[in-house]
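K.L.:
One structure is given below, represented as structure tokens, and several questions about it will come after.
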Amino acid sequence: MSDIHTIRLRHPWKCEPYADGTRWIRSFNWPAGLTPREIARLVIEQLPDSAVVQLNGQPLAATVEGQFDVTALLAQHNRLTLDLSDPPAAGTDCPLDVCLQIVEG
């Protein structure tokens, strides 16, 4: 069984109105200790079908519902955006549980 290291992407998120909904923006750095043998997987629980997810300006396609292999897209400094079709929310807490999982490949 593979070991999984989970990095939760909690606050600070930036929230701004976008088209017909809300854009959530979260910056993060390269995961320390990531080796070429490992896979970085973005996991977003209860992600609506209408959501648009981008990492560093690249649209992501889910490999499994709410899971994205982002290994090849990671940079030293990263910008994750989630476009959700809901009204803008107050505060800086993203309404979804978002994490980065590092899995032995």
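The values are calculated or read from the model by the stated rules, or taken from the named source; none is laboratory data. No experiment lies behind these values; they were computed from the predicted model shown. Heads up, the Cβs are rebuilt from the backbone with ideal geometry, glycines too, and the neighbour counts pull from every protein chain shown.
K.L.:
Would you mind telling me which numbered condition in (1) at pLDDT below 90; (2) under 13 Å from the mean Cα position of the chain (by Cα); (3) not basic (Lys, Arg) Asp86 fails?
P.N.:
For Asp86, the failing item is (2).
K.L.:
Now for a different question. Identify the residue in segment 38-73 that is of a type in the set (Val, Ile, Thr) and part of a loop (DSSP other than H, G, I, E, B) and, among all such residues, is surrounded by the fewest Cβ atoms within 10 Å (Cβ to Cβ).
P.N.:
Per the stated criteria, the residue is Thr63.
K.L.:
With the requirement that a residue be surrounded by fewer than 17 Cβ atoms within 10 Å (Cβ to Cβ) and within 14 Å of the chain's Cα centre (by Cα), what does segment 8-23 give you?
P.N.:
Arg8, Arg10, His11, Pro12, Lys14
K.L.:
For Gln76, are the conditions met, namely being surrounded by fewer than 17 Cβ atoms within 10 Å (Cβ to Cβ), of a type in the set (S, T, N, Q), out of contact with any Leu (no Cβ under 9 Å at 6 or more places or on another chain) and in contact (Cβ under 8 Å) with a residue 24 or more places away in the chain?
P.N.:
Values: surrounded by fewer than 17 Cβ atoms within 10 Å (Cβ to Cβ): yes; of a type in the set (S, T, N, Q): yes; out of contact with any Leu (no Cβ under 9 Å at 6 or more places or on another chain): yes; in contact (Cβ under 8 Å) with a residue 24 or more places away in the chain: yes.
Yes.
K.L.:
List every residue pair whose Cβ atoms sit under 7 Å apart, with the two residues 6 or more apart in sequence or on different chains, where the first one lies in segment 26-47 and is more than 17 Å from Arg10 (Cα to Cα) and the second, anywhere, is of a type in the set (D, E, K, R).
P.N.:
Arg37/Glu104; Glu38/Glu104; Ile39/Asp69
K.L.:
While we're looking at this one, here's another question. Mind counting the residues in segment 37-51 that are within 12 Å of the chain's Cα centre (by Cα) and either acidic (Asp, Glu) or modelled with pLDDT of 95 or more (or both)?
P.N.:
Total satisfying the criteria: 6.
K.L.:
Go through segment 9-36 and report how many residues are at pLDDT 95 or above and part of a loop (DSSP other than H, G, I, E, B).
P.N.:
1
K.L.:
Would you confirm, using the coordinates I've provided, whether Arg79 is modelled with pLDDT under 95, of a type in the set (D, E, K, R) and not in a helix (DSSP H, G or I)?
P.N.:
So Arg79 fails the test.
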